[in-house]
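Notes follow once the structure below has been shown.
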Amino acid sequence: MSATRYAYLGPEGTFTEVALRTLPEAATRELVPMVSVPAALDAVRSGAAAAALVPIENSVEGGITATLDELTTGEPLMIYREVLLSITFALLVRPGTKLSDVKTVTAHPAAQPQVRNWMAAHLPEAVWESAASNADGARLVQEGRYDAAFAGEFAAATYGLEPLVTEIHDAENAQTRFVLVGRPARPAAPTGADKTSVVIWLGDDHPGALLELLQEFMVRGVNLMLIQSRPTGAGIGNYCFAVDAEGHIADRRVGEALMGLKRICPKVRFLGSYPRAGVAPEDVRPLRDGTSDREFTDASDWLARVQDGRA
């Protein structure tokens, strides 16, 4: 395994590269652009890279399905940390291009919902074509395949383009969440401001099936931050659920919730427990009464005394 290589969704000039370079360790790693999210994650699986940074969620459209599906169905990998990046787009064009010249535009599919209203107002006749990434769209504009690309303004110089319009976004304060993914290992110690990600498969479809899964978290006071259904590929009506929960697997409430899910679900895939980006322990909401590690331990000790005839 190449311990000094980090893969990312490329080519050069993507928002993913910018997010990766915010990590302190990126300064001492060889950063390798890959053509797609599956290619970046497969580089980790094969040992060609120690880790990969990929987008997993944006604040406008929710989960990035390519990443969720790859983490759900591929050889198991684990999330070690997350990065939040504010996103605003520029319309990149070849020098001399005017807005009236733009008949075709391109970008990553996740960008379209974030610029749809702007396009309707300023480029109502332009045809949209998806690219493997926003930077790849810029490369295609450089090659003359399209008239313009929505990408980060920072990508313009890399591809010899000009930002015709900047600060494009339909939603204020739009953000994308990226995750650093590696091979499975022991999770890092809890920080007090953590997140646990899992994928859960339903056993059979019956009234209240999803509620039964959610109750495993609810009765232990575990707050859910994301839940998204994804088809399993086994036919219409067969779904699994990607879940982000507050807390760390080492926390008794979280560990016992996962144990409860394992008892009633045919499959549970642990994707990692890792620090929440931009959240300090003092920012985390207080635990509900009866859900702290001390209270779980006290209850377990009480049960042991009762079973031993000492209560």
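The values are calculated or read from the model by the stated rules, or taken from the named source; none is laboratory data. The structure presented is a predicted model; accordingly, all values stated were derived computationally and were not measured. Cβ: placed from backbone, ideal geometry, glycine included. Neighbour counts: every protein chain shown. Side chains are part of the model used for accessible areas, which takes the heavy atoms of the whole protein and leaves out ligands, DNA and RNA. Shrake-Rupley method; radii C 1.70, N 1.55, O 1.52, S 1.80 Å.
Taken together, 87, 79 contain a single residue that is surrounded by 15 or more Cβ atoms within 10 Å (Cβ to Cβ), within 30 Å of residue 241 (Cα to Cα) and at pLDDT below 95, which is 87.
When residue 157 is tested against (1) under 30 Å from residue 50 (Cβ atoms); (2) more than 26 Å from the chain's Cα centre (by Cα); (3) among the small types (Gly, Ala, Ser); (4) open to solvent by less than 50 Å² (accessible area, probe 1.4 Å), just one condition goes unmet, and that condition is (4). Just one of the listed residues (153, 162) is charged (D, E, K, R) and under 26 Å from residue 60 (Cα atoms), and it is 153.
The set of residues in segment 160-175 that are surrounded by fewer than 23 Cβ atoms within 10 Å (Cβ to Cβ) and touching a Leu at 6+ places or on another chain (Cβ under 9 Å) comprises 162, 163, 164, 165, 166, 168, 175.
For segment 38-50, a residue qualifies if it is open to solvent by less than 10 Å² (accessible area, probe 1.4 Å) and in contact with a helix residue (DSSP H, G or I) (Cβ under 7 Å, 6 or more places away or on another chain), and the qualifying residues are 41, 49. Which of the residues belonging to segment 195-221 are more than 14 Å from residue 268 (Cβ to Cβ) and in contact with a helix residue (DSSP H, G or I) (Cβ under 6 Å, 6 or more places away or on another chain)? Listed by number, the residues that qualify are 220, 221.
Taken over segment 20-46, the residue count meeting the criterion of being touching a residue at least 24 places away in the same chain (Cβ under 8 Å) and outside any helix (DSSP H, G or I) is 10. Every test in (1) in a helix (DSSP H, G or I); (2) within 11 Å of residue 197 (Cα to Cα); (3) not hydrophobic (A, V, I, L, M, F, W, C) is passed by residue 272 save one, and that test is (1). Being open to solvent by 10 Å² or more (accessible area, probe 1.4 Å), touching a helix residue (DSSP H, G or I) at 6+ places or on another chain (Cβ under 7 Å), among the small types (Gly, Ala, Ser) and in contact (Cβ under 8 Å) with a residue 60 or more places away in the chain, is that true of even one residue in segment 122-131? For segment 122-131, residues open to solvent by 10 Å² or more (accessible area, probe 1.4 Å), touching a helix residue (DSSP H, G or I) at 6+ places or on another chain (Cβ under 7 Å), among the small types (Gly, Ala, Ser) and in contact (Cβ under 8 Å) with a residue 60 or more places away in the chain: absent. Residue 240 fulfils the conditions (1) closer than 18 Å to residue 193 by Cβ; (2) surrounded by 18 or more Cβ atoms within 10 Å (Cβ to Cβ) except for a single criterion, (1).
Scanning segment 257-276 for residues that are touching a Lys or Arg at 6+ places or on another chain (Cβ under 9 Å) and open to solvent by 60 Å² or more (accessible area, probe 1.4 Å) gives no hits.
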